[in-house]
1. Quick check: net charge around Gln72, other residues with Cβ under 14 Å of its Cβ, Lys/Arg +1 and Asp/Glu -1?
2. Need one value: the accessible area of His143 in square angstrom, 1.4 angstrom probe, rounded to the nearest 10.
3. One quarter of the convex hull surface, Cα atoms only: what value does that give for region 84-181 in nm²?
4. Suppose accessible area is computed on protein heavy atoms with a 1.4 Å probe; arrange Leu216, Leu79, Leu64 from highest to lowest.
5. Nearest 5 is fine: what % of DSSP beta bridges in the chain come out antiparallel, could you say?
6. Quantify, in whole percent, the carbon and sulfur part of the accessible surface of region 26-151 (1.4 Å probe; protein heavy atoms only).
7. Excluding ligands, DNA and RNA, what is the solvent-accessible area per residue of region 101-167 at a probe of 1.4 Å, expressed in Å²?
8. Please report the accessible area of Asp93 (heavy atoms, 1.4 Å probe, ligands and nucleic acids excluded) in Å², nearest 10.
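The values are calculated or read from the model by the stated rules, or taken from the named source; none is laboratory data. Bear in mind the structure is a predicted one, so any value in this text is a computation, not a measurement. Note that each Cβ is placed from the backbone with ideal geometry, even for glycine, and that neighbours are counted across all protein chains shown. Please note that ligands, DNA and RNA were not included when accessible areas were found on the heavy atoms of the full protein model with its side chains. Shrake-Rupley method; radii C 1.70, N 1.55, O 1.52, S 1.80 Å.
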Amino acid sequence: MQNSPNSKFIIGDIHGCYYSLLELLKQWDASQERLCLLGDLISKGKHSLEVVQWAKEMEQAGALVLRGNHEQQLGLHYLQGRASQHWAEAFFDAIEAQYAEQELDFMQDVAWLAQLPVYHEEAHCFLSHAGLGYGPHAWDPMHPQGILWHRGPLKPLGKLQFLGHTPQKAVLYRPEEGYCNLDTGASLGNLLSAARVDEQGNILEFISVANDPRDLA
(Lines give C-alpha, C1' and ligand atoms only; values in the text may rest on other atoms or scores of the structure.)
Protein backbone atom coordinates (compact mmCIF):
# COMPACT_ATOMS: atom_id res chain seq x y z
CA MET A 1 0.00 0.00 0.00
CA GLN A 2 2.77 2.44 0.81
CA ASN A 3 6.50 2.96 0.33
CA SER A 4 6.65 5.59 3.10
CA PRO A 5 4.68 3.98 5.94
CA ASN A 6 4.77 7.00 8.24
CA SER A 7 3.05 9.29 5.73
CA LYS A 8 -0.71 9.18 6.22
CA PHE A 9 -4.01 9.90 4.54
CA ILE A 10 -6.41 10.22 7.48
CA ILE A 11 -10.16 10.13 6.82
CA GLY A 12 -12.87 11.28 9.22
CA ASP A 13 -16.31 9.75 9.85
CA ILE A 14 -17.56 8.01 6.69
CA HIS A 15 -20.95 6.86 8.04
CA GLY A 16 -21.90 4.70 5.08
CA CYS A 17 -21.18 7.40 2.48
CA TYR A 18 -19.52 5.07 0.01
CA TYR A 19 -19.78 7.17 -3.14
CA SER A 20 -18.43 10.22 -1.35
CA LEU A 21 -15.58 8.02 -0.14
CA LEU A 22 -14.75 6.88 -3.67
CA GLU A 23 -14.46 10.50 -4.75
CA LEU A 24 -12.21 11.38 -1.81
CA LEU A 25 -9.96 8.39 -2.47
CA LYS A 26 -9.03 9.86 -5.86
CA GLN A 27 -6.76 12.17 -3.82
CA TRP A 28 -5.04 9.33 -1.92
CA ASP A 29 -1.55 8.31 -3.01
CA ALA A 30 -1.71 4.62 -2.17
CA SER A 31 1.93 4.10 -3.08
CA GLN A 32 3.18 6.67 -0.56
CA GLU A 33 0.57 7.07 2.18
CA ARG A 34 -0.88 4.78 4.80
CA LEU A 35 -4.65 5.00 4.85
CA CYS A 36 -6.08 5.71 8.33
CA LEU A 37 -9.80 5.63 9.20
CA LEU A 38 -11.00 7.29 12.41
CA GLY A 39 -14.06 5.12 13.00
CA ASP A 40 -17.80 5.41 12.42
CA LEU A 41 -17.63 3.61 9.12
CA ILE A 42 -21.29 2.65 9.44
CA SER A 43 -24.82 4.04 10.02
CA LYS A 44 -26.70 7.07 8.73
CA GLY A 45 -25.55 6.84 5.10
CA LYS A 46 -27.07 4.23 2.80
CA HIS A 47 -24.00 2.09 2.07
CA SER A 48 -22.58 0.76 5.32
CA LEU A 49 -22.12 -2.71 3.83
CA GLU A 50 -19.99 -1.42 0.95
CA VAL A 51 -17.88 0.72 3.26
CA VAL A 52 -17.24 -2.20 5.62
CA GLN A 53 -16.31 -4.59 2.82
CA TRP A 54 -13.91 -2.01 1.42
CA ALA A 55 -12.41 -1.23 4.85
CA LYS A 56 -11.71 -4.91 5.48
CA GLU A 57 -9.80 -5.13 2.22
CA MET A 58 -7.88 -1.97 3.07
CA GLU A 59 -6.92 -3.29 6.50
CA GLN A 60 -5.57 -6.46 4.94
CA ALA A 61 -3.47 -4.26 2.65
CA GLY A 62 -2.03 -2.32 5.60
CA ALA A 63 -4.55 0.38 6.42
CA LEU A 64 -5.26 1.47 9.98
CA VAL A 65 -8.96 1.07 10.79
CA LEU A 66 -10.14 2.38 14.16
CA ARG A 67 -13.37 1.70 16.03
CA GLY A 68 -15.97 4.43 16.44
CA ASN A 69 -18.88 4.64 18.83
CA HIS A 70 -21.22 3.22 16.17
CA GLU A 71 -19.07 0.12 15.76
CA GLN A 72 -18.90 -0.10 19.55
CA GLN A 73 -22.69 -0.05 19.86
CA LEU A 74 -23.11 -2.51 17.01
CA GLY A 75 -20.92 -5.02 18.84
CA LEU A 76 -22.70 -4.45 22.13
CA HIS A 77 -26.09 -5.00 20.51
CA TYR A 78 -25.37 -8.15 18.52
CA LEU A 79 -22.62 -9.79 20.56
CA GLN A 80 -23.68 -8.86 24.09
CA GLY A 81 -27.31 -7.71 23.78
CA ARG A 82 -26.49 -4.50 25.62
CA ALA A 83 -27.16 -1.61 23.23
CA SER A 84 -30.48 0.21 23.36
CA GLN A 85 -33.29 -0.69 20.98
CA HIS A 86 -33.11 2.86 19.67
CA TRP A 87 -29.72 2.16 18.11
CA ALA A 88 -31.05 -0.97 16.42
CA GLU A 89 -34.13 0.72 15.02
CA ALA A 90 -32.33 3.89 13.98
CA PHE A 91 -29.24 2.29 12.42
CA PHE A 92 -28.53 -1.39 12.78
CA ASP A 93 -31.70 -3.03 11.44
CA ALA A 94 -31.11 -1.39 8.07
CA ILE A 95 -27.49 -2.57 7.96
CA GLU A 96 -28.47 -6.13 8.84
CA ALA A 97 -31.07 -6.06 6.07
CA GLN A 98 -28.40 -5.04 3.55
CA TYR A 99 -26.34 -8.08 4.47
CA ALA A 100 -29.36 -10.36 4.25
CA GLU A 101 -30.21 -9.06 0.79
CA GLN A 102 -26.65 -9.73 -0.41
CA GLU A 103 -26.49 -13.06 1.47
CA LEU A 104 -23.31 -12.01 3.27
CA ASP A 105 -22.19 -12.99 6.76
CA PHE A 106 -23.35 -10.08 8.92
CA MET A 107 -22.18 -11.48 12.24
CA GLN A 108 -18.68 -12.07 10.93
CA ASP A 109 -18.39 -8.37 10.10
CA VAL A 110 -19.98 -7.35 13.40
CA ALA A 111 -17.24 -9.28 15.18
CA TRP A 112 -14.54 -7.68 13.04
CA LEU A 113 -15.85 -4.16 13.68
CA ALA A 114 -16.19 -4.78 17.40
CA GLN A 115 -12.55 -5.79 17.82
CA LEU A 116 -11.01 -2.83 15.98
CA PRO A 117 -8.53 -0.78 18.05
CA VAL A 118 -9.74 2.41 19.68
CA TYR A 119 -6.57 4.43 19.17
CA HIS A 120 -3.22 4.54 17.43
CA GLU A 121 -0.25 6.49 18.74
CA GLU A 122 3.06 7.42 17.19
CA ALA A 123 5.82 9.86 18.09
CA HIS A 124 4.14 12.77 16.32
CA CYS A 125 0.42 12.04 16.40
CA PHE A 126 -2.43 10.34 18.25
CA LEU A 127 -5.43 9.00 16.35
CA SER A 128 -8.80 8.06 17.84
CA HIS A 129 -12.48 8.47 17.13
CA ALA A 130 -13.46 11.10 19.70
CA GLY A 131 -10.14 12.16 21.21
CA LEU A 132 -8.50 11.72 24.56
CA GLY A 133 -9.91 14.05 27.21
CA TYR A 134 -9.37 14.50 30.92
CA GLY A 135 -10.45 12.44 33.89
CA PRO A 136 -10.39 8.84 35.04
CA HIS A 137 -12.61 7.56 32.21
CA ALA A 138 -10.70 9.07 29.29
CA TRP A 139 -9.56 5.68 27.96
CA ASP A 140 -12.86 3.87 28.56
CA PRO A 141 -14.64 3.10 25.25
CA MET A 142 -17.92 2.65 27.11
CA HIS A 143 -17.95 5.88 29.12
CA PRO A 144 -19.63 9.10 27.88
CA GLN A 145 -16.34 10.92 28.49
CA GLY A 146 -14.28 8.09 27.03
CA ILE A 147 -12.24 7.85 23.87
CA LEU A 148 -15.18 6.88 21.63
CA TRP A 149 -17.74 9.35 22.98
CA HIS A 150 -15.90 12.39 24.31
CA ARG A 151 -17.04 15.90 23.40
CA GLY A 152 -15.16 18.71 25.04
CA PRO A 153 -11.63 19.84 25.91
CA LEU A 154 -8.87 17.49 24.90
CA LYS A 155 -5.84 16.56 26.94
CA PRO A 156 -2.54 18.04 25.71
CA LEU A 157 -0.35 15.16 24.61
CA GLY A 158 2.62 17.02 23.19
CA LYS A 159 1.54 15.77 19.77
CA LEU A 160 -1.43 16.41 17.51
CA GLN A 161 -4.65 14.49 18.11
CA PHE A 162 -6.63 13.52 15.00
CA LEU A 163 -10.27 12.74 15.70
CA GLY A 164 -13.82 12.94 14.40
CA HIS A 165 -17.13 12.19 16.16
CA THR A 166 -18.41 15.78 16.51
CA PRO A 167 -19.50 17.07 13.07
CA GLN A 168 -18.14 20.38 11.86
CA LYS A 169 -18.97 22.51 8.82
CA ALA A 170 -15.33 22.24 7.74
CA VAL A 171 -12.16 20.66 9.08
CA LEU A 172 -11.48 22.10 12.53
CA TYR A 173 -7.73 22.48 13.00
CA ARG A 174 -6.65 23.92 16.34
CA PRO A 175 -2.87 23.49 16.59
CA GLU A 176 -2.69 25.67 19.70
CA GLU A 177 -5.07 23.23 21.40
CA GLY A 178 -3.38 20.17 19.92
CA TYR A 179 -6.10 18.66 17.77
CA CYS A 180 -7.64 18.32 14.32
CA ASN A 181 -11.28 17.25 13.87
CA LEU A 182 -11.91 15.62 10.50
CA ASP A 183 -15.64 14.89 10.89
CA THR A 184 -17.26 17.30 8.46
CA GLY A 185 -20.74 15.79 8.42
CA ALA A 186 -20.78 13.68 5.25
CA SER A 187 -23.87 11.84 6.46
CA LEU A 188 -25.56 15.18 7.10
CA GLY A 189 -25.18 16.15 3.45
CA ASN A 190 -22.05 18.22 3.99
CA LEU A 191 -18.45 17.10 3.34
CA LEU A 192 -16.22 14.06 3.70
CA SER A 193 -12.70 15.11 4.65
CA ALA A 194 -9.15 13.85 5.00
CA ALA A 195 -5.77 15.14 6.09
CA ARG A 196 -2.52 14.41 4.30
CA VAL A 197 0.19 14.10 6.96
CA ASP A 198 3.94 13.63 6.52
CA GLU A 199 6.38 11.46 8.45
CA GLN A 200 6.91 14.14 11.10
CA GLY A 201 3.21 14.61 11.77
CA ASN A 202 2.98 17.85 9.77
CA ILE A 203 -0.29 18.46 7.98
CA LEU A 204 0.44 19.02 4.29
CA GLU A 205 -3.10 19.43 3.07
CA PHE A 206 -6.77 19.08 3.90
CA ILE A 207 -9.00 17.53 1.26
CA SER A 208 -12.79 17.67 1.31
CA VAL A 209 -15.39 16.45 -1.15
CA ALA A 210 -19.08 17.22 -1.24
CA ASN A 211 -21.48 14.50 -0.18
CA ASP A 212 -22.65 12.40 -3.11
CA PRO A 213 -26.49 12.45 -3.14
CA ARG A 214 -26.54 8.68 -3.75
CA ASP A 215 -25.25 8.18 -0.21
CA LEU A 216 -28.35 9.69 1.37
CA ALA A 217 -31.06 9.01 -1.23
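1. Charge balance in the 14 Å sphere: -2.
2. Its accessible surface works out to 50 Å², give or take rounding.
3. For region 84-181, the mean projected area of the Cα convex hull comes to 8.1 nm².
4. Leu79, Leu216, Leu64
5. Restricted to the chain, the bridges split so that about 60 percent are antiparallel.
6. It is 48 percent, rounded to a whole number.
7. I get 50 Å² per residue for this part.
8. Approximately 70 Å² of Asp93 is accessible to the 1.4 Å probe.
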